[in-house]
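Read through the structure below, which is laid out as C-alpha cells, and then see the notes.
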Amino acid sequence: MTSVRSAPDHEGARPSMSTSPGLAVAAVARRLGVAPATLRTWDRRYGLGPSQHRAGSHRRYTDDDVARLVVMRRLTLDGVAPADAARAALAADDEELDAHRGTVSFDERGADTGADADEPDDPDDSAEQEPPSRPFLRAVPGGEAAQAPGPRPLGVREAPRPTRVSDVVDAAIAYDQRTCDRLLRIPAGGDPAAWWSDLVEPALERLAERTVLAGPGEVPEVVLANATLGALREYTQASEDAIVAAGGPPRNHPSRMRRIVLVFAAPDEPLPLAAHALAASLASHGAMARIVTGPANVHRTLEIVTMVRPAAVAMVTTQARPDLGIVHAAHEANPSLPFFVGLPSDDVADELPLASTVHRVRSFPGLLHELLAVVR
C-alpha cells in the first residue's frame, strides 16, 4: 500500500488520506496555471504542499492537496491576500474540498514521466511567479476557456481584480451567501457611495431582470440584501471604532447628534437598501444619520421629526411612483426644514411640494452631496 503522510495541521487543516498515485509539482502547476516556483513558495510559506511520499522520496500532491490549492488560487484571483487565502484553504472542510476534488484528472497527469518526477527546484523560487498562459481548472472562475494572464517581470505583483457586478449576481443566484458577503465587503477607507452606485445598485437592477427557478427558501435578492446590510454594518462599526480610538466622541454623544439627518425609505419600499447605503455614506464623511424603519405613516413621521429635530430629512426610493404623503406632511409641519427626495424617475417629480426647502435629486451621489452641504 502506498504510504501517505498527513499534511501539516495548519490552523484547522484536515489530514489527507488519499491513496491515489499523486501528482508531481510540474503537473499540478500546469493544470492550475501557475509556475512551479509559486507552488513551492506556497508550500514553504503556508504549508500548502504535497502530502504524499512515493518510492525514492518523491513527494506527490493528493486530490485533497490539489483541492486546497484550487481554493487558494480562486481566492487569490478574487483579490484575497495570499496569507489569508492560504489560511482559508488549510481550514477548508470536507464539503468545500469535495467540490474541488477530482478537478485534475489522473489519466491526464503523466504521473511518472521523468520531467514531472524529478523536476529540479528553480534557482530563485522566493517570489511568487505569475502563471503562464494555460487553461485554468474547471473549478476556477472563468471555466475551461479562461486563460491565465501573461507573464510579467519578477517582483511585480498584480493588483487585486476589482469585484464585478456579474460576480455578485452569480453568487446571489447560486444562493452562495458566503461568497456574496466576501464580494461586497467594503475595504477600510473605501467609499460606500461609490460602492453602492457602481456595484450594489447595478447588481440589484440585473437581478430584477432575471427569471430564476428557485427552491423553497431560495431568494437571490435576499442573499444580496443580507450581504449588503452586513457590509454596511461592518464598515460603519469599523469607522465608529476608529473615531473613538482617535479620541472622538461615541456615536450617541450629544455633540454628534446635533446635526443629524433622518433618512426615510418610501412607503412599501421592498428592500430599503438605498436608505442604509445613504446613511453609511453620510457617516463616512463624519455626518450622523439615522434610518426610520418600520411603519412610517404621517402621524408617526411627524412625531419622529419633532422628537429628533434633525438638520435635514431625506427620502430615497427605487420606485417609479412612490407615495409622497410623508414629504407633504413633514414639510407642512416644518416648512423651514430642508427636505431632499431622491427620485430616479420624473413620473412624480411635479407632485413634490413647491418650496425652496424641498429638493428633488436624481442621483445617489447628488443626494449625498446636497445633504453634506447642509449638515456641514
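The values are calculated or read from the model by the stated rules, or taken from the named source; none is laboratory data. Fair warning: this is a prediction, and the values are worked out from it, not measured in the lab. Because the Cβ atoms are built from the backbone with ideal geometry, glycine has one as well, and the counts that use them run over all protein chains shown. We work out accessible area using only protein heavy atoms, side chains counted, and drop any ligands, DNA or RNA first. Shrake-Rupley method; radii C 1.70, N 1.55, O 1.52, S 1.80 Å.
Screening Ala287 against (1) free of Cβ contacts under 8 Å to residues at least 60 places away in the same chain; (2) assigned to a loop (DSSP other than H, G, I, E, B); (3) of a type outside the set (Val, Ile, Thr) leaves a single unmet condition, (1).
If you check Ala145, Ala188, Ala159 for being under 16 Å from the mean Cα position of the chain (by Cα), at pLDDT below 85 and surrounded by fewer than 12 Cβ atoms within 10 Å (Cβ to Cβ), only one passes: Ala188. Counting the residues of the stretch 244-274 that are open to solvent by 60 Å² or more (accessible area, probe 1.4 Å) and either in a loop (DSSP other than H, G, I, E, B) or touching a helix residue (DSSP H, G or I) at 6+ places or on another chain (Cβ under 8 Å) (or both) gives 11. On the basis of being out of contact with any strand residue (DSSP E or B) (no Cβ under 7 Å at 6 or more places or on another chain) and either at pLDDT 85 or above or open to solvent by 60 Å² or more (accessible area, probe 1.4 Å) (or both), does Ala277 make the cut? Yes; evaluated as a whole, the condition is true for this residue. In this structure, Leu372 does not qualify as buried (at least 21 other Cβ atoms within 10 Å of the Cβ), modelled with pLDDT of 90 or more and either hydroxyl-bearing (Ser, Thr, Tyr) or under 18 Å from Pro192 (Cα atoms) (or both). When the stretch 341-362 is filtered for residues that are modelled with pLDDT of 85 or more and open to solvent by 80 Å² or more (accessible area, probe 1.4 Å), the ones remaining, listed by number, are Asp350, Glu351, Leu354, Ser356, Arg362. In summary, Leu372 fulfils each of the numbered conditions (1) more than 22 Å from Ala287 (Cβ to Cβ); (2) assigned to a helix (DSSP H, G or I) with the single exception of condition (1). Against the numbered list (1) among the aliphatic types (A, V, I, L, M); (2) open to solvent by less than 30 Å² (accessible area, probe 1.4 Å); (3) part of a loop (DSSP other than H, G, I, E, B), Ala320 comes up short only at (2).
Residue check: is Thr179 among the hydroxyl-bearing types (Ser, Thr, Tyr), within 28 Å of Pro220 (Cβ to Cβ), modelled with pLDDT under 90 and surrounded by 14 or more Cβ atoms within 10 Å (Cβ to Cβ)?
The answer is no for Thr179.
Here Ala203 fulfils each of the conditions (1) open to solvent by less than 50 Å² (accessible area, probe 1.4 Å); (2) in contact (Cβ under 8 Å) with a residue 24 or more places away in the chain; (3) closer than 26 Å to Arg376 by Cα apart from (3).
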